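What follows is one structure encoded as structure tokens, with my remarks underneath.
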Amino acid sequence: MDRPWLDKDKPVGKRVELLLAAMTLEEKIGQTHQIHQRKDWDKSLIAKGLVGSLFNASGANAGNVRDEGVNARAINELQRMAVEQSRLGVPLIFARDVIHGHRTVFPIPLGQAATWNPELVRQGAEVTAREASADGVQWTFAPMVDVSRDPRWGRIAESFGEDPCLASRMAEAAVRGLQGDDPSAPDRIAACVKHFAGYAGAEGGRDYWENHCGERQMRDVYLPPFRAAVEAGVATVMSAFHVNDGVPASGDRHLLTDILRGEWGFDGFVVSDYGIVSELHSGHGVCESLKDAGELCINAGLDMDMMSGVYLKYMAELVAEGRVTQATLDEAVRRVLRVKFRFGLFEHPYADESKTAVTMLTAEHRACARRTAQESIVLLKNNGILPLQKAKGRLLVTGPLARARAELLGCWCLDGRGEDVVPVHEAVTKAAGEGCWVKTDNEAAFGDLTPVLARGCDAVIACVGEGPWRSGEGNSIASLELPAGQVEILKMVHGLGVPLVVVVFAGRPLALPWIAEHADALLYAWHPGVEGGHALADVLFGDANPGGRLPATLPRATGQVPIHYSHRPTHRPGTYWETSGWYKDMLHSPLYPFGHGLDYTTYEYTDLAVSPESAGMAETVRVSATVTNTGGHAGTEVVQLYVRDVKACVSRPVKELKGFRKALLAPGESSRVEFVLRSEDLMFTGPDNKPVVEAGEFEVWIGPDSTRGLQGTFRLTA
Ligand code: GLC
């Protein structure tokens, strides 16, 4: 049969039309249907051309339950059914949740955000695409860019934290790393930005729960990272499970069509989250029947139905009854085919099975993961005990995560393996070198034996925190304190007067008031990935600086949550009696603020300049300052720019991150760091839900975190 769409010299648009014209109604519907490869399903559907995509994931256990993995041979077998047995030979697109690495596992996305280094995140995503594609994966359900401000929510681990600007830069980096400049290259995979949109606003941090936010919060907080991903060329978008003010995101035409396509011009396709099309009926109760749910979703702009089977079962009837027009179905199919052509699936539908073994966990890949982990570790407190001296002294490495392997990989880690991880105690022993006596106890001993072992040591390195099973999907928690018993053991060690270095491994911000007050040093290592043990040892002994800055606020207690820096001023900011932020039983300030992180050196900010001090809408404003390394170690400062719109037609946040830059400085070295603000950087959503930039006074800060810095002002004129 003549297949003119296979001519790769034809433009993609032309190839799509040629193929679409050749398809039957059933074959078109097939492209909108995605099946979970692991479930029981009728494989003959492939040869009939009734499947567009297969995906392979561990499901809601969020990668904490290892599945049989994914391999190129098995995928190629299924692909051959599509390409060689179906009438038109349209290839499947194979997906998997490759969220923060494949065999080379990087820090969880929240830890990657803590690097404040988009280029490093892009490199990690490039490594991930190279490895996943070698195993036959052609599409990943990442990056997840839900702006998360409630650490009770388990999925904050998968996010880039609380700030739209930081999350946007990370979203762009992840998309560019996964898809590359030439998405048709065999070692690139299609990205999928998720969960569109507002999922992280779940009331109470309860997963899947409703978000009550209005359009302004949606547009100014939750949508920017998605728009950034679209502008970076993301191939697909995943619609979310939840409802926003009662409207299901997966059936919301305003989101999926008016904004995503009408305002942003997105031309890839939208895939639903797992089974949500059917759950609009069975769960949210917004449809009388599954058929109604199919009608609502496809007409809203949801192009591919993950796993529910509603589109496959009812779409032909819906078209026949005129409830879904042929044009609507054709447009959904067009979008799916466009992505398949763009990613070269018609040219290279099969994975190169010879590449798998040579591609995984190379020294280069491990080095990238180690650099990322080093830069993700946040030094929250240090009384000078760090960096530790090598080749001398007696150290005790203890705690429930001192010997951890798989736990360091974090949630949503389907193909990482614990045996690839060097645990902390081994890495510290190796890094400490001869002459340093490193004791360790097994995790069972982290208890009444620990003080006995700690006696006589020069320092105790206590690896505490939570395992990945409290992170990721369906894993919210109601109390942000450390798991029971950990602080009590730390208190016993502290009571001996032995210097205490606490390392927290977590998939979220936790509340650590006692540790913050009593530890000699406190490091936050998130779940740092396959090289996390080595990276931590590098930081402990000063072979690498702790490069991280907080991507999310650390609260004093669960009761403060949700808590973030970019809040609105309220009507009585600051006066004691009426102050709206203060609890009577606790300070309103966080334990550690967004953007905070120390280094092994110190920095000074001087000479803020804002020019011009009055600018028209078409002009730019340059904000600069000098940053000096005033300490004895080389270091990398994360210079942050914040802005406040002092008076506006709606109440505006007291601060918003508008830019950041990492400055590597030798001892005594200074660097002039400049940011350029355009009027569109000051845009927000007005009372009519339209974007607006208003003339008026703006405050700016350049500093080390969201609470400190040199302050200036400028005026924007109409
Ligand atoms: C899950 C998650 C989503 C994931 C999908 C496929 O329920 O919500 O993030 O990509 O299903 O595993």
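Using Cβ point charges alone (K and R +1, D and E -1), the dipole size of the chain about the Cα centre works out to roughly 580 debye. In this structure the amide hydrogen of TRP526, modeled in the peptide plane, comes within under 5 Å of the amide hydrogens of ALA506, none closer than 5 places in sequence on its chain.
Shape annotation for region 1-150: C-alpha extents along the principal axes are 53, 37, 30 Å, from largest to smallest. Rolling a 1.4 angstrom probe over the protein heavy atoms with all chains in place gives the chain an accessible area of 35 Å² per residue.
By the gyration tensor of its Cα atoms, with a ≥ b ≥ c the square roots of the eigenvalues, what is the shape of region 532-620: rounded for a/c under 1.5, prolate for a/b over b/c, or oblate? It comes out oblate by the Cα gyration axes. Report the one residue of PRO400, ALA427, THR32 whose Cα lies farthest in the direction of the positive end of the charge dipole of the chain (charges on C-beta: Lys and Arg +1, Asp and Glu -1; origin at the Cα centre). Value: ALA427.
Contact order, relative form, for region 290-336: 49 percent (alpha carbon pairs under 8 Å, 6 or more residues apart, mean separation divided by residue count).
The antiparallel fraction among DSSP beta bridges confined to the chain stands at about 55%. Debye-formula intensities of the chain, expressed as log10 I(q)/I(0) at q = 0.05, 0.09 Å⁻¹, are -0.25, -0.80 (one equal scatterer per alpha-carbon, no solvent).
Computed from Cα atoms, the angle from the helix 486-495 axis to the main principal axis of the chain rounds to 20 degrees. What is the percent carbon and sulfur in the accessible area of region 557-651, measuring with a 1.4 Å probe over the protein chains and ignoring ligands? That fraction is 56 percent. Helical runs (DSSP H, four residues minimum) scored at -39500 (n - 2.57) apiece and divided by the length of the chain put the mean residue ellipticity at 222 nm at -7500 deg cm²/dmol. Sorting 494-500, 690-696, 544-550 by their mean Cβ neighbour count within 10 Å, with the most densely packed peptide first, gives 544-550, 494-500, 690-696. Overall form of region 385-450: oblate. Here a/c, set by the Cα gyration tensor axes a ≥ b ≥ c, is 1.5 or more, and a/b is not larger than b/c. Under the classification rounded if a/c is under 1.5, otherwise prolate if a/b is larger than b/c and oblate if not, where does region 496-649 fall, given a ≥ b ≥ c as square roots of the Cα gyration tensor eigenvalues? In terms of gyration-tensor shape, oblate.
Can you tally the net charge around ALA544? Count Lys and Arg as +1, Asp and Glu as -1, for every other residue whose Cβ sits under 13 Å from the Cβ of ALA544. Once positives and negatives cancel, what remains is -3. Of the peptides 334-340, 166-172, 610-616, 253-259, the ranking by mean beta-carbon count within 10 Å, highest at the top, reads 166-172, 334-340, 253-259, 610-616. Distant-in-sequence amide contacts of MET617, defined by a placed amide H-H separation under 5 Å and a gap of 5 or more residues or a different chain, comprise THR717.
Taking other residues whose beta carbon is less than 13 angstrom from the beta carbon of PHE241, and scoring Lys, Arg as +1 and Asp, Glu as -1, yields -4. Considering only LEU6, LEU110, GLY703, the residue lying farthest towards the positive end of the dipole of the chain is GLY703, judged by Cα position with unit charges set on Cβ.
Taking the Cα centre of region 560-676 as reference, the dipole from Cβ charges on Lys and Arg (+1) and Asp and Glu (-1) amounts to some 420 debye. Computed on region 64-221, with alpha-carbon pairs under 8 angstrom and 6+ residues apart, the relative contact order is 24 percent. Report, in whole Å, the centroid distance computed from the Cα atoms of region 336-376 and region 642-690. Taking the Cα centre of each part, region 336-376 and region 642-690 sit 35 Å apart. Among 679-685, 240-246, 96-102, sorting by the average number of other beta carbon atoms lying within 10 angstrom of each residue, highest first, gives 96-102, 240-246, 679-685. Region 138-180 and region 472-512 have Cα centres lying 25 Å from one another.
Across the cross-link table entries LYS392/LYS439; LYS14/LYS355; LYS8/LYS340; LYS647/LYS690; LYS194/LYS647; LYS48/LYS355, which are compared at the Cα atoms, the separations over 23 Å belong to LYS14/LYS355; LYS194/LYS647; LYS48/LYS355.
Magnitude of the charge dipole for region 1-119, about its Cα centre and with charges confined to Cβ atoms of Lys, Arg (+1) and Asp, Glu (-1), is about 100 debye.
Remark on PHE55: its backbone amide H falls under 5 Å from those of ILE35, HIS36, GLN37, ALA95, a criterion applied only to residues 5 or more positions apart or on other chains, H modelled at 1.01 Å from N.
Residue-wise HN-Hα couplings along region 116-129, as the Karplus relation 6.51 cos²θ - 1.76 cosθ + 1.60 with θ = phi - 60° gives them from phi, are 6, 10, x, 4, 5, 5, 4, 4, x, 5, 5, 4, 4, 5 Hz; Gly and Pro carry x. Sequence-ordered 3J(HN,Hα) estimates for region 197-206 from the Karplus curve with 6.51, -1.76 and 1.60 and θ = phi - 60° stand at 8, x, 4, 6, x, 3, 4, x, x, 7 Hz, glycine and proline given as x.
At a 1.4 Å probe, what is the % contribution of carbon and sulfur to the accessible area of region 23-131? C and S fraction of accessible area: 48 percent.
For region 70-85, putting each phi into the Karplus relation 6.51 cos²θ - 1.76 cosθ + 1.60 with θ = phi - 60° gives couplings of 10, 8, 4, 5, 5, 5, 4, 4, 5, 5, 4, 4, 6, 6, 9, 10 Hz, in residue order, rounded to whole numbers and with x for Gly and Pro.
For the chain, relative contact order (Cα pairs under 8 Å, six or more residues apart, normalised by length) works out to 14 percent. Taking only protein heavy atoms and a 1.4 Å probe, the accessible area of region 320-401 is 51% carbon and sulfur.
The values are calculated or read from the model by the stated rules, or taken from the named source; none is laboratory data. From a predicted model like this one, the values you see are computed outputs, not experimental measurements. Don't worry about glycine lacking a Cβ; one is built from the backbone with ideal geometry, like all the others, and counts go over all protein chains shown. Heavy atoms of the whole protein, side chains included, go into the accessibility calculation; ligands, DNA and RNA do not. Shrake-Rupley method; radii C 1.70, N 1.55, O 1.52, S 1.80 Å.
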